[in-house]
Amino acid sequence: MALESVEPATKSTGARFFRRVASLLLPIVISLVTARAESGHDAWLRYAPIHDASVLQKYDRIVVLGETEVLQSAGTELARGLQSMLGRTLPLQKEMSSGAIVLGILPSLPKQLRNRLLAPATDGYLLKTTTMQGRRVLLVAGANDRGVTYGVFALLRHVALHQTLDALDERQNPSASIRWTNEWDNLDGSIERGYGGRSIFFSAGNVLPELSKVRDYARLLASVGINGCVVNNVNADTRILTSEFIPQLARLANVFRTWGVRLAIAVDFASPKTVGGLNTFDPQDPAVIAWWQRKSDEIYRVIPDLGGFLMKADSEGRSGPSAYGRTHAQAANVIARALKPYGGVLIYRAFVYNHHLDWNDLKADRARAAYDNFASLDGSFDDNAVVQIKYGPIDFQVREPVSPLIGALRHTNQVLELQITQEYTGQQRHLCFLAPMWKEIFDFDLHANGGNTPVGEIASGRTFHRPVGGFVGVADVGQDENWLGFDLAQANLYAFGRLAWNPALSARQTIEQWTHLTFGDDPKVNKTIVEMQLESWPVYEKYTGSPLGLQSLTNIVGDHFSPGPESADRNGWGQWIRADHLGVGMDRTSGTGTGFIGQYSPPVAGYYESLRTCPDNLLLFFHHVPYTYVLHSGKSVIQTIFDSHYEGADEAQGFSSRWKSLEGRIDDTRFRAVLSRLEYQAEQAKLWRDTINGWFFSLSAIADAKGRIGATVPHS
Ligand code: GCV
């Protein structure tokens, strides 16, 4: 009795104590949890609660038909997402029942049902409300495990975006088989052109011991349909192929595999010599051929689903087949053949150019290089060899015409290389949403086959019926909590994945989705961010390169970030703009210039060759004109340069004030982090404006019609 009376009293004192402590700690705990949740780590997979009790209410369990790791993680992801958004726990089961969301690959479905379905293609999926063995179900079916994962993420996206889920009947196939990111990570943990912190894969020459970030990254990639990732720099460390390192790569592959992402690696062409100890790396030498085969056998023994190898050869100081007078096709094929028995591909970069060009040679032109090196090889690459082509003929500039090589390879697999990391577009310290640029590239008709051959279709392999094709994005994510160093730059990774899956999506669609998923439902937040993102590329272009095709005008021999127009000319790099006191622009015409324009099909070449039709926004990429030349817009070149820099810098000032209007509507952590970047950008934009305008003013000695420049010229 005594005990009985004491114990409840003790309990209630204890309970009171705990309640008191809890009430004191709760706000701290909540803020910590919120801070963690909104650190940017979950990116667009935040699964914020939605307050509509009717969503998927007919379903109360998840049935996963199959045991594979990929299917299991898809099931767990669905349960996790629905729990978080709907506050309902749907148990995972193996047995079929009414009211289930059923996950499985096509062959695992009952034949009767299968016969009623239009099967998706590889990696594709179906979302369908139907009956199965007499029971009402929501089916998430994939052509393969990966397809089921993509179906799950699509379903979760529909829920998060409040899209209608009644009578679902959706079939989605990816545009192309290769939807990869490239990461330029070095084995020491640094990342070439990475602005989001150190490597999530490597440190001090090894794969990191703890790979939870890799797991989370693979999940992010899978959520937007990316199915492969090259984890190391294209400037490849030869150690990647050593027998000591390969087991470490297998650890990465194991983590990726859970999410259907295939590991791939960049390799150095001289490896047979540097790693294999042979006295040659001549691709025609039988010992070299045998070495590549043995090395592939060795890797596939531990990574049976390796996506393949990526190769940068004869470029920026890398070894290549030119050392033995062999062609790029000979080089690619010898390795492709070693990968073929395992279903791997050899991706060979077309980024091959001479960086010791003669500036005094008016016919020399780096833009010609990819086509000159590869077009004549069309048809001589094996079926599992793929040529990876940067979207423009120079190097990820803020604006370039599309690479003519894309239209020239009709009997060769190709993939289009885009850059998610903003090497030349503000390095994640400036807002620059790149999907509008990518869309212009995808939609550009190269008239490669007499018309209607947009780049997106060619790259996906559809135009020329290639077995392999697709899209590669250089992502360079890092250890920073938000992956890319800037919360708003995550939109580029999201958009890359969504557009690689479906190049027909619009830039607006992708950014509306991303904003909603990443920042929630508030209409003002959505409108403001969507508009800022969509405006950001033209704004960046205006205060940096100018909207006349002068590329980025950044310091190309240094940081690729700060203004440096003088670095463009008078060196061997070939990013020339040929600016002097009379005029500016590279003459790339067939008539009087380098002949680059002649690499396009006749309708496109004709369009660029003539000053009458060449669009203003690429004029100086193709033509050298006096500063006084009058554009289609009716304004002179020099005044356009001046005005656009003022306009762009003014618009960049507006970004930070527009963002400030969202205070209190966005979690504090991300609000402040983004604000500080936008304020920095506003200052940088002024610096860009004054440097570029001052430079052109000094060079041309033409006054700004609006009298602004003398006052702000930093150097005279
Ligand atoms: C990985 C540009 C970049 C280099 C990069 C190269 C490439 O030149 O500045 O950092 O090297 O492109 O794409 O290979």
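The values are calculated or read from the model by the stated rules, or taken from the named source; none is laboratory data. Everything quoted here is computed from the prediction, not taken from an experiment. Please note: Cβ atoms are built from the backbone with ideal geometry, for glycine as well, and neighbour counts cover all protein chains shown.
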Task: Residue among V387, V455, V468, V398 that is within 15 Å of the ligand (Cβ to nearest atom), in contact with a strand residue (DSSP E or B) (Cβ under 8 Å, 6 or more places away or on another chain) and at pLDDT 95 or above - done: V387
Task: Segments classed as helices (runs of 4 or more DSSP H), wholly inside the stretch 597-715, with at least 1 members that are closer than 15 Å to V584 by Cβ and out of contact with any helix residue (DSSP H, G or I) (no Cβ under 9 Å at 6 or more places or on another chain) - done: 637-660, 668-700
Task: Selected residue (criterion: farthest from T258 (Cα to Cα)) from residues of the stretch 307-330 that are buried (at least 23 other Cβ atoms within 10 Å of the Cβ) and more than 16 Å from the ligand (Cβ to nearest atom) - done: A329
TODO: For the stretch 204-217, indicate whether the set of residues that are crowded, with 17+ Cβ neighbours inside 10 Å and under 26 Å from K390 (Cβ atoms) is non-empty.
DONE: yes
TODO: Would you check if D285 is within 28 Å of V334 (Cβ to Cβ) and within 16 Å of the ligand (Cβ to nearest atom)?
DONE: no
Open item on the list: Anything in the stretch 387-401 that is of a type in the set (V, I, T) and more than 15 Å from A369 (Cβ to Cβ)? List them, or say none.
Closed with: V398
Open item on the list: Please go through (1) at pLDDT 95 or above; (2) more than 16 Å from the ligand (Cβ to nearest atom) for D476 and return the number of the only condition it doesn't satisfy.
Closed with: (2)
Task: Check on D166, of a type in the set (D, E, K, R) and without any contact (Cβ under 8 Å) to a residue 40 or more places away in the chain - done: yes
TODO: Please give the number of the condition A491 fails out of (1) assigned to a loop (DSSP other than H, G, I, E, B); (2) buried (at least 24 other Cβ atoms within 10 Å of the Cβ).
DONE: (1)
Task: Those residues of the stretch 579-596 which are of a type outside the set (D, E, K, R) and in a loop (DSSP other than H, G, I, E, B), in sequence order - done: A579, H581, L582, G585, M586, T589, S590, G591, T592, G593, T594, G595
Task: Matching helices (runs of 4 or more DSSP H) fully within the stretch 54-163 where at least 1 residues are more than 26 Å from the chain's Cα centre (by Cα) and buried (at least 16 other Cβ atoms within 10 Å of the Cβ) - done: 69-86, 111-116
- [ ] Find all pairs meeting these conditions: Cβ atoms under 7 angstrom apart; at least six residues apart or on different chains; first residue within the stretch 338-351 and touching a residue at least 12 places away in the same chain (Cβ under 8 Å) and under 16 Å from A313 (Cα atoms); second residue among the charged types (D, E, K, R) and in a strand (DSSP E or B).
- [x] F351/K390
Open item on the list: Can you find a residue that is within 16 Å of the ligand (Cβ to nearest atom), farther than 14 Å from L263 by Cβ and within 17 Å of the chain's Cα centre (by Cα) anywhere in the stretch 220-237?
Closed with: yes
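Determine, yes or no, whether S552 is more than 16 Å from the ligand (Cβ to nearest atom), modelled with pLDDT under 95 and over 30 Å from I666 (Cα atoms).
So S552 does not fit the description; no.
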